[in-house]
1. Being out of contact with any strand residue (DSSP E or B) (no Cβ under 8 Å at 6 or more places or on another chain) and farther than 10 Å from PRO119 by Cβ is the filter here, so list the residues in the stretch 45-64 that pass it.
2. Can you pull out every residue in the stretch 262-283 that is open to solvent by 40 Å² or more (accessible area, probe 1.4 Å) and without any contact (Cβ under 8 Å) to a residue 24 or more places away in the chain?
3. Please specify each residue of the stretch 241-252 satisfying the condition of being crowded, with 24+ Cβ neighbours inside 10 Å and within 19 Å of ASN140 (Cβ to Cβ).
4. Quickly run through the stretch 287-303 and pick out the residues that are among the charged types (D, E, K, R) and more than 31 Å from the chain's Cα centre (by Cα).
5. Take the stretch 110-141 and flag every residue that is among the acidic types (Asp, Glu), within 23 Å of PRO176 (Cβ to Cβ) and open to solvent by 50 Å² or more (accessible area, probe 1.4 Å).
6. Go through (1) touching a helix residue (DSSP H, G or I) at 6+ places or on another chain (Cβ under 9 Å); (2) open to solvent by 50 Å² or more (accessible area, probe 1.4 Å) for GLN200 and report which single condition fails.
7. Which of the residues spanning the stretch 161-175 are in contact with a Phe, Trp or Tyr (Cβ under 8 Å, 6 or more places away or on another chain) and open to solvent by 10 Å² or more (accessible area, probe 1.4 Å)?
Amino acid sequence: MAESGGGGPTLRRRTLFVGAAGLAGLGVGVKAVTAHASDEEPTHGRDVVEFYGDHQAGVTTPPPAHVNYVGLDLVSSGGERDMRAALAGVLQVWTEDAARLTAGDPALADSEPDLARLPARLTVTVGLGPGAFTGTGLENRRPRWLHPLPRYVIDRLDQRRWGQTDVLLQICADDPITIAHATRVLTANVAGRVRLRWVQRGFRNARGTQDESVTMRNLMGQVDGTVNLGPADHDSLVWDDGAEQPWFAGGTSMVLRRIAMNLDTWQELDPRDQELSVGRRIADGAPLSGGTEHDDPDFEAVVDGLPAIPASSHIARARRRSEVERFLRRGYNYDDPPEPDGTGNVPTSNSGLLFASYQRDVDAQYAPVQARLAEHDALNRWTTPIGSAVYAILPGARRGEVLGAGLLR
């Protein structure tokens, strides 16, 4: 990719975010962390994912066990210039802090430095929503596809709780303590410039539970994410080439959908009906036309005079109609405390999927598939999208650079 450029707008951290007293204790904390770490045997907790590079980590890197998606809005008392300065300051601080935290070092003015010593494959990924462009005078640099998705007939979106925000932090790691600490530090250090709107917490299998090549299962018990992009497709289908917006070379787009699952009624189905709704066997994820999980489904196969894979099944509706309708899936489960459903009833679960997709062009790659699923998908009876947002995931930064430097230059 084209490099992100050096420097960019800077911000005086001491005057805006922390005081001198917060920095005074940093050296002690770092020494204690280093000494303690050297006395222990290596563990997964010390695994580090490099922060700097052509692309941000957290997109094509293997998904760790836990995620926090953090949606924030920019805060400003002035006009576009002040809002742009706020964005520049936030990106400056996040670049510095994320680079340290992902390496297992405390952030500047970290009040709990011992919580930073085990990064556990921590990645911090920063995205911008449409408001980060329209409110900062950068509208002419907004990617064409960066706009809300159409309102699909299946959507029951709660925009206040799970809707579009100006800025996104995607924080992933194998240790929930690491994620909680990183989330606290990254949001607290920019508290005067952004307002937290929501946090969506998700999980996959704990590391070591199974081989990482095994496809995750969602809370319906189904394999989730069998058909996905491989490394050979990343340059052409995930990473932007800068043709439309030169500053964005090396970035990508992200769609985040919060999909509630009605597990109370799903569990009433017998396993065969569940398989027919999805189009795959529960036991091993293989298509109902036969073979193994990663064999191509045969949508023409017939069993006892009927299609082996129903035309209304999820995989039949989701299959691509052209080579461009492909994107990188990265899903996480969520399982929150049950809430009243509006009729006085309290379900036994409040569970679902945090579905994130990454692609070069949302309109060309993701939207056509989602439109087919919304029109008719057997799973729609048990799944309901309640949150939706689209973000431009910034290109990576080289050492000495700031995320978004090319945008703000």
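1. Residues satisfying the conditions are GLU50, TYR52, GLY53, ASP54, PRO62.
2. GLN267, GLU268, ASP270, PRO271, ARG272, ASP273, ARG281, ALA283
3. PHE248, GLY251
4. Residues satisfying the conditions are ASP298, GLU300.
5. The first filter runs over the stretch 110-141 and keeps only residues among the acidic types (Asp, Glu), leaving 110, 112, 114, 139.
The next check asks that each one be within 23 Å of PRO176 (Cβ to Cβ); those that pass are 110, 112, 114.
Correct list: GLU112, ASP114.
6. (2)
7. If the condition is that a residue be in contact with a Phe, Trp or Tyr (Cβ under 8 Å, 6 or more places away or on another chain) and open to solvent by 10 Å² or more (accessible area, probe 1.4 Å), then ARG161, TRP162 are the ones that fit.
Okay, residues lined up against (1) in contact with a Phe, Trp or Tyr (Cβ under 8 Å, 6 or more places away or on another chain); (2) assigned to a loop (DSSP other than H, G, I, E, B); (3) open to solvent by less than 10 Å² (accessible area, probe 1.4 Å):
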{"site": "GLY58", "(1), (2), (3)": "no, yes, yes"}
{"site": "LEU91", "(1), (2), (3)": "no, no, yes"}
{"site": "LEU101", "(1), (2), (3)": "no, no, yes"}
{"site": "LEU108", "(1), (2), (3)": "no, yes, no"}
{"site": "ASP155", "(1), (2), (3)": "no, yes, yes"}
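The values are calculated or read from the model by the stated rules, or taken from the named source; none is laboratory data. Not measured: the values here are computed from a predicted model. Because the Cβ atoms are built from the backbone with ideal geometry, glycine has one as well, and the counts that use them run over all protein chains shown. Heavy atoms of the whole protein, side chains included, go into the accessibility calculation; ligands, DNA and RNA do not. Shrake-Rupley method; radii C 1.70, N 1.55, O 1.52, S 1.80 Å.
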